[in-house]
Amino acid sequence: MADPMISQPTQSQLNIAASTTPRHQHHLYIENLTPSPSSSKQINRLINSNHYISPSRPIYSDRFIPCRSSSNFALFNISLPSSATEEISPGGGGKEDSPGAYAALLRNALFGPQTPDKKDWGAGAARRNIFRYKMETRQSLHSLSPFGFDDMGDPGVSNVAIKTPRKVSRSPYKVLDAPALQDDFYLNLVDWSSHNVLAVGLGTCVYLWNACSSKVTKLCDLGNDDGVCSVGWAHRGMHLAIGTSNGKVQIWDASRCKRIRTMEGHRLRVGALAWSSSMLSSGSRDKSILQRDIRAHEDFVSKLSGHKSEVCGLKWSYDNRELASGGNDNRLFVWNQHSTQPVLKYCDHTAAVKAIAWSPHLHGLLASGGGTADRCIRFWNTTTNSHLSCMDTGSQVCNLVWSKNVNELVSTHGYSQNQIILWRYPTMSKLATLTGHTYRVLYLAMSPDGQVVDPPLFMTVLSLLT
């Protein structure tokens, strides 16, 4: 059957009139155009159409004006003013097509049934603005609907939805066996990649756990004369940096389980790593920080000096402009991209500073946590070089991580309570406290989707199995 929208050959068009299809159906008919004597008057009417007016047909314009006299406004639970009711009533003066009915309907839907008609305003009221300020309104959101739904609730009860408290799971949804996980505060043995792969350093080996498939892969074994002291994923791709106890940094392609480079420069173990695009920063027990460009042939491009003891914390800001470092000398330093000396020095902590976290929500906001003798989380504004606040947690602060989705952060702790706390910033109110761990929660990493506590922290499981 041919498409009805495609023209057919001329012969078939001429045969359409002979079709047996009944005339009452919606079809296009092309009639024979040869005039007959009986149709001469019709032709004259077509020619003189500008002057001929049929006595039996009404004249319609091209504008459609609806008639609302038969509209059932009670169906929508709309009460119209008496003036509008009279206008649309058959006995109300005969104005069945009056625009007053539509105006009254629109006025009630937008401004409420108590809004007077403009013609009913007094001389003083005519100059007033109908959008008047009110201290309180009891209209629900449905009152803005053109159908004018009524609020069926109790007028004395507030319609504001009560926000239910968020539930934080108290148990992990996955338990990973982690034998030989070192109980060392100054190391960083866990990191989570953007491809949802968890890297864990266990003794001389590095294992990878794919969170999507739950597949475990052994990436490497450094041998009996070496050990894993830190791991760190590049922000993009599948490159993993491994800091060793011999002072070397290895770069591995995790997708192929192949080592692609080994870089030297440190004399002692490398316990902290931090990526910034193609730059890799490494902190060592030899008190130095080396800046490495993995695109260059040299093992490092600059050396940062300032700490008087082992560097155990390193974090680049989200804009990759500032590097924060913490050490066993109780110092927190901030470096820029080109400095070899710290541009900011904070000496308020009274114990080693390993826990460092930059806020993803506010530029220049830095959080740091102190060890057993300090137990405090401090907040700094590196833009104004000011100390903002301090919170005593009651335990050694091992790790800090900001949530990417909301203005909250997680802290993990060691001596003496071994707890995990979820904080709301800036009030520092506790949203959840997880206790009962028998070992320190030394290592922490956040999943790439930003869900810090739900699902529960994998690092909690790792700390329990040391």
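The values are calculated or read from the model by the stated rules, or taken from the named source; none is laboratory data. Since this is a predicted model, take the numbers as computed values, not measurements. Don't worry about glycine lacking a Cβ; one is built from the backbone with ideal geometry, like all the others, and counts go over all protein chains shown. Note: areas computed on protein heavy atoms with side chains; ligands, DNA, RNA excluded. Shrake-Rupley method; radii C 1.70, N 1.55, O 1.52, S 1.80 Å.
Over 14 Å apart: what share of the alpha carbon pairs of region 213-287 falls there, rounded to a whole percent? Write out the running numbers ahead of the final one.
Numbers: 1648 of 2775 pairs.
Here the long-distance tail beyond 14 Å is 59 percent of all Cα pairs in region 213-287.
In square nanometres, what is one fourth of the surface area of the convex hull spanned by the alpha carbons of region 170-244?
Details: hull surface 22.9 nm².
Value for region 170-244: 5.7 nm².
What is the spin-label model distance, in nm, from V343 to L176 if the labels are put 7 Å beyond Cα along the C-beta direction?
In this crude spin-label approximation the distance works out to 3.5 nm.
Take the Cβ-Cβ distance between N210 and H363 as r, set R0 to 25 Å, and report the resulting FRET efficiency rounded to the nearest 0.05.
It comes out at approximately 0.15.
Counting only protein heavy atoms and a 1.4 Å probe, tell me what percentage of region 230-380's accessible area is made up of carbon and sulfur. If you can, show how the numbers build up before the last one.
Values: 2750 of 6090 Å².
Accessible surface attributable to carbon and sulfur in region 230-380 totals 45 percent.
Applying the Karplus parametrisation 6.51 cos²θ - 1.76 cosθ + 1.60 with θ = phi - 60° to the phi angles of region 193-208, what ³J(HN,Hα) value in whole Hz is obtained for each residue in order, glycine and proline being reported as x?
Ordered by residue, 3J(HN,Hα) equals 8, 5, 9, 6, 10, 9, 9, 9, x, 10, x, 9, 10, 10, 10, 10 Hz.
So how far, in whole Å, is the C-alpha centre of region 327-389 from the one of region 392-451?
Between the Cα centre of region 327-389 and that of region 392-451, the gap is 17 Å.
Set the Förster distance to 45 Å, then compute FRET efficiency between Y415 and D225 from the Cβ-Cβ distance, nearest 0.05.
Details: r = 32 Å, r/R0 = 0.71.
The computed FRET efficiency comes out at 0.90.
Efficiency by 1/(1 + (r/R0)^6): what FRET value for V168 and N246, r their Cβ-Cβ distance, R0 = 60 Å, to the nearest 0.05?
0.90
Gain in length, M238 to T384, computed as 0.36 nm per residue apart minus the alpha-carbon separation, to one decimal in nm?
In short, 48.9 nm is gained.
How long is the gain from I260 to D392 if the chain were fully straight, where each residue apart is worth 0.36 nm and the alpha carbon distance is subtracted?
Here the answer is 43.1 nm.
Given Cα pairs under 8 Å that are at least 6 residues apart, what percent is the relative contact order of region 311-399?
In percent, rounded to a whole number, it is 21.
Pull out a ≥ b ≥ c, the square roots of the eigenvalues of the alpha-carbon gyration tensor of region 300-386, then state rounded if a/c is under 1.5, prolate if not and a/b is larger than b/c, and oblate in the remaining case.
It is oblate, given that a/c is not under 1.5 and a/b is not larger than b/c.
Mind checking the per residue accessible area of region 392-446 for me, 1.4 Å probe, whole number of Å²?
On the way: 2030 Å² over 55 residues.
That works out to 37 Å² for each residue.
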